[in-house]
1. Here are some conditions: (1) at pLDDT below 75; (2) assigned to a helix (DSSP H, G or I); (3) surrounded by 14 or more Cβ atoms within 10 Å (Cβ to Cβ). GLU380 meets all but one. Which one does it not meet?
2. Let me confirm something: among ASP40, ASP22, which residue is modelled with pLDDT under 90 and not in a helix (DSSP H, G or I)?
3. How many residues does the range 303-360 contain that are exposed (fewer than 13 other Cβ atoms within 10 Å of the Cβ), within 15 Å of the ligand (Cβ to nearest atom) and of a type in the set (D, E, K, R)?
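The values are calculated or read from the model by the stated rules, or taken from the named source; none is laboratory data. Keep in mind the model is a prediction, meaning the values are calculated, not measured. Every residue, glycine among them, receives a Cβ derived from its backbone with ideal geometry; neighbour counts consider all protein chains shown.
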Amino acid sequence: MTTKEKRSESRRAAIYARISNDKQKGKEGEGLGVQRQLEDCRDLAQRLGLTVVAEFVDNDISAHSGRERPEYLAMLDEVKAGRIDVVVAWHTDRLHRLTRELEKYIEHCEPHNVETHTVKAGHVDLSTATGRMVAKILGSIAQQESEQKIERMKAAYRQRAKTGRAHIRTHRPFGWDDDGLTLRQEEAGAVEFMTRSIIKGESIASIARDLNGQGLRTSRGREWTVRSVREVAMRPRNAGLVQYDGQILDGVTGEWQAIVSESDFRTVLSILKDPKRRTNTDGTAIKHLLPGIAMCGKCGAPCKYAIVHHTKAGKPSQHVYRCSKSTCVVRDEKKLDNLVTRVALMLLLNQKMRKALAPRDGEGPDYLTERDRINEQLDELAAAYGRGTFTLSQVETASTALRERMQVLDGLIATQTRGDTLREMLSVPDLVQAWEQLPLSRKREVIRSLMTVQVMPIGKGNYRNVKFHQHIKITLVNDVLGDEDLTAAILAHRLTSDQERAVVRAFAA
Ligand SMILES: [Zn+2]
């Protein structure tokens with residue numbers, strides 16, 4: 001019997017599969033990962049004409065952490081005992097992610113001429129220096145890349161074909177029929193309303209109240225709460241996007257009819273995920289203009305709204321903003337509201353400011369198209385990876401850059417849509433009236449995007465001699481202007497137009 005014949009007839013293979021414990025992934029996904037690895041490895045073994053004599057699976061144990069992998073060690077024992085000719089793994093990073101592990105592995109395999117084949121990186125020839133180097137490089141890439149990222153990408157590729165379908169788990173998705181595909185017009189209208197209202201800056205609580213007021217109920221027949229509005233508004237399926245394992249699958253479109261545009265949906269996500277929003281507007285309706293916007297000029301803490309009750313009988317209570325941390329500063333609410341509003345509106349009227357805020361060349365950059373293009377490129381990468389043109393590590397390197405750009409784009413898309421609310425204010429004929437009709441939360445957004453407000457302490461005995469605005473420090477957010485004198489000019493009432501005079505009259509401090 002020649003060596004070749006002997007090898008082809010009786011090469012015994014051991015399959016090794018492993019998936020690390022990733023807290024952010026569900027149990028279901030984990031099991032699936034190992035199952036897929038095993039299936040792919042069995043296929044490979046068959047293609048290579050190997051006889052699988054053993055399968056070793058380490059689940060939920062990260063090789064990276066350096067903890068023991070009992071099945072891996074059992075496999076090495078088999079290798080050492082000469083009972084295995086070929087090790088089949090999904091990728092080299094399944095076998096060893098640490099260089100010292102790789103060295104030990106080579107040590108065991110070499111004396112018995114044990115070969116290593118992987119589904120993704122092909123034959124890893126550890127008998128040559130080059131092969132060992134390749135294995136080391138692959139290993140070090142695996143070490144660097146977060147496993148979560150890799151798994152997410154793989155899951156996305158694999159599930160792509162399957163998850164384009166409606167995925168109904170426990171109950172009917174609000175907005176669609178039981179099949180999850182057909183729109184229920186009234187409910188779809190409500191989803192659109194939620195999305196629009198959130199972008200406009202309405203509070204979630206007020207949206208819930210509106211929906212309940214219209215007699216609408218959730219798909220489980222319950223009244224709307226802040227929680228359920230948030231949940232429904234943040235569903236990717238609203239925009240026809242598919243979510244798998246907590247991740248939106250880029251480039252996958254659901255079979256169902258979308259209710260809102262992708263850019264609107266992404267804007268809603270960015271608004272609702274904004275940590276600033278969580279403290280200011282989530283849950284309760286906003287009642288005051290400047291809490292959290294006006295900052296204490298002494299200690300830097302945000303100012304809060306408060307009522308100061310006077311002990312002297314007959315003296316009315318005073319509504320104020322005060323330092324939320326200490327007793328640094330206290331200022332009259334109405335006066336500060338008026339001053340800040342006046343400055344905001346004067347800025348919106350200012351020619352220089354208008355130029356800076358105005359969209360350039362029509363609608364501005366088309367980030368959404370660029371985002372689509374990146375999705376296509378990722379698809380192409382995935383296809384190249386599927387054909388074996390690129391290795392996994394090459395695909396990972398390329399896709400990491402693309403995904404990073406995509407994240408930037410998501411932010412830009414959100415800013416663009418939100419900036420639109422500010423630009424809307426530039427085109428209204430009567431600014432004072434338009435302002436008064438804005439919801440409080442949207443006024444806050446406009447102010448926030450224009451300036452920072454610091455309430456400065458007033459020295460003792462100074463109260464009678466100073467003007468209110470002299471101890472409010474307003475700084476323009478928009479450094480496009482590079483004009484620090486602008487607010488000073490505005491505060492000094494250097495007026496040029498009727499509109500400006502109207503603003504001053506309406507919001508005299
Ligand atoms: Zn303070």
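1. Among (1) at pLDDT below 75; (2) assigned to a helix (DSSP H, G or I); (3) surrounded by 14 or more Cβ atoms within 10 Å (Cβ to Cβ), GLU380 violates only (3).
2. ASP22
3. So the count comes out to 0.
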